[in-house]
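Participant: Below you'll find the structure I mean.
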Amino acid sequence: MPASLSRNVKTRLLPLFSDTKLNNTTPQRFTNSETLYNPTFKDTITTLRSYLNLDKILNFQTPTIPVETICSHSVSVETRDCVYRLGHSSVLMKVDRVTILTDPVLGNRASPLEWAGPKRYHDLPISVNELPFVDVCLISHDHYDHLDKQTIKQLHNNVGVFLVPKCVASHLLEWGVPDNKIFEFDWWQSMKISGVRFAFAPTQHFSGRSFKQRDSSLWGSWAILGQKSNIYFSGDSGYFSGFKEIGDRYGPFDLTLMETGAYDENWADIHMFPEQSVQAHLDVRGRVMLPIHNTTFDLSYHVWNEPLIRAEQEARRLGVDFLCPKIGQKVLISELNVNGQERWWDENEKAHEV
């Protein structure tokens, strides 16, 4: 049953603002609080050419990622707060019996093209059509690896509401989502749904599904604040002081779903290195860190498991509880246990076991 909503924080699509000097209308542009990430078109092409290098294409080997199947009925009847990784930044969770889904990208590629672009490493633990009813779908920003057109078109009839950043609603409306299901948020705005508070917070990133659309919609992270559990979903971000403010406002968090992957020196301002992800977890006052944004799509130069290995090493150095469940594995918030977990991402350890 869809959650009841307080409509007083809903915003419609922001109007275009008028530039009287040029006598035309220009779409609103959003900016970060601490840095200006504004690569030129030439910079973008250079990065793409480097990324799509011949050696990488010819020598790429798809890793074997373990997946546990999720039963839709089991999720529906689960009364305890829990999370399931579906892959990349898509996470299915229950908080106070409210079913929540983050950044659903459940297609075969994180790309505008069906025949090209980063391809999924592993099977889905549950198909789009098998998902239980989703009370709340959270979107962090409009990049292709976080907002997938085909997934939304397949999913929206099985979703109560979509909570999205400012100016992201236009995508969902175009794909057939009814207007009364979409709620747009600015940074620090929040809404309560069935007792769970959803607060939209800043990140250091950018937006746009094409070069022309650059920064025409907002980006951010979500604090999910329940009766028994607080969960932080980072979206995408470079490391910045805003994490400490998020911790001050909404922390502590029982679990942080923290971006850990797809980093590189060329875009260090808008994607964290693993060591920075661990520090961000500490800044928001997290208790247990669960790394996301990895092991599903090849979006950078590093090997698939490097983010997990580096983040685990840094977590151990700083005394942070680091938890990395298999895709599809249920994690109970009341039983967050990092001891004895299977280190499935460590290929050297698996080789020794054989």
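The values are calculated or read from the model by the stated rules, or taken from the named source; none is laboratory data. Just so it is clear, the structure is predicted and the values come from calculations on it, not from any experiment. Cβ placement follows ideal geometry from the backbone for every residue including glycine, while neighbour counts extend to all protein chains displayed. These area figures cover heavy atoms from the full protein model, side chains too; ligands, DNA and RNA do not enter into them. Shrake-Rupley method; radii C 1.70, N 1.55, O 1.52, S 1.80 Å.
Participant: When only DSSP loop residues count, what chymotrypsin sites (Phe, Trp or Tyr not before Pro) in the range 112-156 have their Cβ near at most 14 other Cβ atoms within 10 Å?
Facilitator: Of the chymotrypsin sites (Phe, Trp or Tyr not before Pro), the ones in loops of the range 112-156 whose Cβ has at most 14 other Cβ atoms within 10 Å are 115, 133.
Participant: Which value in nm describes the separation of the simple spin-label points at residue 179 and residue 335, placed 7 Å from the Cα toward the beta carbon?
Facilitator: 4.7
Participant: Determine the order of 207, 216 by accessible area, beginning with the largest, at a probe radius of 1.4 Å.
Facilitator: 216, 207
Participant: Which shape class applies to the range 148-287: rounded if a/c is under 1.5, otherwise prolate when a/b exceeds b/c and oblate if not, where a ≥ b ≥ c are the square roots of the Cα gyration tensor eigenvalues?
Facilitator: Oblate.
Participant: Next question, about the same structure. Using r as the Cβ-Cβ distance of residue 192 and residue 264, and R0 as 22 Å, what FRET efficiency do you calculate, to the nearest 0.05?
Facilitator: 0.05
Participant: Please name whichever of 308, 277, 191 sits farthest to the positive end of the charge dipole of the range 73-351, dipole taken about the Cα centre and charges placed at Cβ: Lys and Arg +1, Asp and Glu -1.
Facilitator: Of the candidates, 191 comes out farthest on the positive side.
Participant: Could you tell me the distance between the Cα centroids of the range 241-269 and the range 185-214, to the nearest Å?
Facilitator: 14
Participant: Let me ask something additional. With all protein chains present, calculate the accessible area of residue 173 using a 1.4 Å probe and round the result to the nearest 10 Å².
Facilitator: Roll a 1.4 Å probe over it and residue 173 shows about 60 Å².
Participant: In units of 2.2 N^0.38 Å, what is the alpha-carbon radius of gyration of the range 73-351? Spell out each step's value before the answer.
Facilitator: Numbers: Rg = 17.2 Å, N = 279, 2.2 N^0.38 = 18.7 Å.
With N residues counted in the range 73-351, Rg over 2.2 N^0.38 Å equals 0.92.
Participant: Going down the list 228/326; 94/244; 149/326; 94/166; 192/212, which pairs span over 28 Å between their C-alpha atoms?
Facilitator: Working: 228/326 24 Å; 94/244 26 Å; 149/326 26 Å; 94/166 25 Å; 192/212 35 Å.
The pairs that break the limit, which is 28 Å between Cα atoms, are 192/212.
Participant: Which trypsin sites (Lys or Arg not before Pro) in the range 180-228 pass both tests, a DSSP loop state and at most 14 other beta-carbon atoms within 10 Å? Show your work: numbers first, answer last.
Facilitator: On the way: sites: 181, 192, 197, 209, 212, 214, 228; in loops: 209, 212, 214, 228.
Here the trypsin sites (Lys or Arg not before Pro) that fit, given the DSSP loop and packing criteria, are 212, 228.
Participant: Select from 345, 211, 129 the residue farthest towards the positive end of the dipole of the range 73-351; place +1 on Cβ of Lys and Arg, -1 on Cβ of Asp and Glu, and compute about the Cα centre.
Facilitator: So the residue we want is 129.
Participant: Run the simple label-point estimate for residue 227 and residue 31 please: 7 Å along Cα→C-beta, distance reported in nm.
Facilitator: 4.5
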